[in-house]
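Here the structure comes first, spelled out in structure tokens, and everything after it is commentary.
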């Protein structure tokens, strides 16, 4: 490496989040730079600490462009992430950068550094940008140091992905294949509408499916607006909202409320969320949507409480009934309206397919996404912390509604508050998947896992080192190690759905894979225990 390596740190758009998380980021950067220098190479930051803002992150696309104008286009570039980051702040510079790129994350649950790096990696994969990637808990382990040394020496890092095999390498059970093909052809013939309340969320370029790829599957976007959602909320009466709240109370769902709206979840915030729930269903019905996504962050968060309660309820078959304006018709009666959190369109496509396959098989069709937040060994197994930033369907939780709580979203993210749908995922067999875009090709990875029940104290410990207001899933992936998942997974999100038994899960996986393939998606089977050996 002839040139000095340049280190950059991409961050959030929200000042409070950047300030809160800066100390962790600074500590990780120091360890990474020490490691680079230990091999005799020079490294320096590509942008300064901002005394006025009290953090050293790239916090906007505008600032990111300023930073990249002062970086040599051929310099080795290290993107260090110990926090959640908005990929579009730096994607422009990475797209045109000619030197080698390395992304690095700390193996920690404290702030979503792993989540941020996985999103950036997936965004670069979609954009066709070559990169290498590393992760570490201490930055003095052999895996990290050996990888860093090889990258500094000019080598592109290739990690083990032997757990990934093309669907064509397997023979699908006849009945499952026929079901998947039938469902795909029905979708292609009848078409389906994906409702999108403002496209793009928190810089997740990877979460946007280009129309020309999506249309081939039979799904078409209805581009809606969060301002329309807010306007519709204003037409929902207090009495209608209270009816939703009363239904949830009767189900035993617990709302952790307090008197101070700046720090506590309040009854007024909950009623506003109930109005958003009613509004979302009515707009979805008006436009004939089979799945909807709310942008969740910028814009709407400055007008209304968080959309999390809405998202968790929409993804549940058993949920408060909502009537159409005027005629009293119950909207989506007896059905979930699959919601893709953070407007991740890849999840929206996935959720629609899951809903149809699971319903046809007679399984509970609730599905959701989780962030791949963290993981540790527990006993003899590696147990992931899947932790989405707000809500999961109560059907996924131990105890259902009675086992779910709603707690205020952290103030550094949502100044107007709003409650989550928090719970502990019930033990059972699941199918996991991820649809993603890889340099112009729509692909899907699919595999099997189990959800395990950990002792209460261990669950609480994991919550406290991540974000305790959010729902948690203790997942063990079959035939896929920690590092294999990190090497392959092209998203910060992973979609999950339960099946009654392991055999049922295998049947659903096969049918879903067949439907994906018939939709024109390039499918890979990951790991083991999927019944296709």
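Does residue 274 qualify as being in a loop (DSSP other than H, G, I, E, B) and at pLDDT 95 or above?
No: the conditions fail for residue 274.
Within region 94-172, considering only strands (runs of 3 or more DSSP E) that don't extend past its boundaries, which have at least 1 residues that are in contact with a helix residue (DSSP H, G or I) (Cβ under 7 Å, 6 or more places away or on another chain) and under 30 Å from residue 503 (Cα atoms)?
On the way: elements: 101-106, 132-136, 164-166.
Output list reads 164-166.
Which condition number does residue 37 fail, the rest of (1) free of Cβ contacts under 8 Å to residues at least 12 places away in the same chain; (2) in contact with a helix residue (DSSP H, G or I) (Cβ under 6 Å, 6 or more places away or on another chain) being met?
(2)
All but one of (1) under 23 Å from residue 115 (Cβ atoms); (2) touching a residue at least 60 places away in the same chain (Cβ under 8 Å); (3) exposed (fewer than 14 other Cβ atoms within 10 Å of the Cβ) hold for residue 89; which doesn't?
(3)
Which is modelled with pLDDT of 95 or more and more than 13 Å from residue 387 (Cβ to Cβ), of 488, 462?
Details: 462 fails: more than 13 Å from residue 387 (Cβ to Cβ).
Just a single option satisfies the conditions, and that option is 488.
Can you tell me which residues in region 250-269 are out of contact with any helix residue (DSSP H, G or I) (no Cβ under 6 Å at 6 or more places or on another chain) and within 21 Å of residue 336 (Cβ to Cβ)?
250 - this is the single residue of region 250-269 that is out of contact with any helix residue (DSSP H, G or I) (no Cβ under 6 Å at 6 or more places or on another chain) and within 21 Å of residue 336 (Cβ to Cβ).
Of all the residues that make up region 160-198, how many are over 19 Å from residue 446 (Cβ atoms), touching a strand residue (DSSP E or B) at 6+ places or on another chain (Cβ under 8 Å) and surrounded by 16 or more Cβ atoms within 10 Å (Cβ to Cβ)?
7
Inside region 59-80, can you point out the residues that are farther than 15 Å from residue 95 by Cβ and either at pLDDT below 95 or not in a loop (DSSP other than H, G, I, E, B) (or both)?
Correct list: 62, 63, 66, 78, 80.
Out of curiosity, is residue 245 farther than 19 Å from residue 404 by Cα and not in a loop (DSSP other than H, G, I, E, B)? So that I can check it myself, show each step before the final result.
Working: farther than 19 Å from residue 404 by Cα: no; not in a loop (DSSP other than H, G, I, E, B): yes.
Spelling it out, it is not the case that residue 245 is farther than 19 Å from residue 404 by Cα and not in a loop (DSSP other than H, G, I, E, B).
If we keep just the residues of region 319-338 that are out of contact with any strand residue (DSSP E or B) (no Cβ under 6 Å at 6 or more places or on another chain) and surrounded by 22 or more Cβ atoms within 10 Å (Cβ to Cβ), which is farthest from residue 396 (Cα to Cα)?
Per the stated criteria, the residue is 322.
Restricting to region 228-267, name every residue that is closer than 12 Å to residue 283 by Cα and without any contact (Cβ under 8 Å) to a residue 40 or more places away in the chain.
Answer for region 228-267, where residues must be closer than 12 Å to residue 283 by Cα and without any contact (Cβ under 8 Å) to a residue 40 or more places away in the chain: just 231.
Kindly check whether there is at least one residue in region 112-129 that is touching a strand residue (DSSP E or B) at 6+ places or on another chain (Cβ under 6 Å), surrounded by fewer than 20 Cβ atoms within 10 Å (Cβ to Cβ), outside the structural domain of residue 464 (by TED's automatic domain parsing) and more than 12 Å from residue 10 (Cβ to Cβ).
yes
Please determine, by comparing only the residues of region 277-303 that are more than 18 Å from the chain's Cα centre (by Cα) and not in a helix (DSSP H, G or I), which one is farthest from residue 329 (Cα to Cα).
Filtering first and then ranking leaves 299.
Which numbered condition in (1) within 27 Å of residue 309 (Cα to Cα); (2) not assigned by TED's automatic domain parsing to the domain that holds residue 349 is the only one that residue 533 fails?
Residue 533 satisfies all of (1) within 27 Å of residue 309 (Cα to Cα); (2) not assigned by TED's automatic domain parsing to the domain that holds residue 349 except (1).
Report yes if residue 25 is at pLDDT 95 or above and touching a helix residue (DSSP H, G or I) at 6+ places or on another chain (Cβ under 7 Å), otherwise no.
Working: at pLDDT 95 or above: yes; touching a helix residue (DSSP H, G or I) at 6+ places or on another chain (Cβ under 7 Å): no.
When the stated conditions are applied, residue 25 does not pass them.
For the structure I just gave you, tell me whether residue 224 is crowded, with 20+ Cβ neighbours inside 10 Å, within 27 Å of the chain's Cα centre (by Cα), in the same structural domain as residue 321 (by TED's automatic domain parsing) and within 23 Å of residue 343 (Cβ to Cβ). It would help to see each step written out before you state the result.
Numbers: crowded, with 20+ Cβ neighbours inside 10 Å: yes; within 27 Å of the chain's Cα centre (by Cα): yes; in the same structural domain as residue 321 (by TED's automatic domain parsing): yes; within 23 Å of residue 343 (Cβ to Cβ): yes.
The answer is yes for residue 224.
The values are calculated or read from the model by the stated rules, or taken from the named source; none is laboratory data. Note that the structure is a prediction, hence the values are computed from the model and not measured. Don't worry about glycine lacking a Cβ; one is built from the backbone with ideal geometry, like all the others, and counts go over all protein chains shown.
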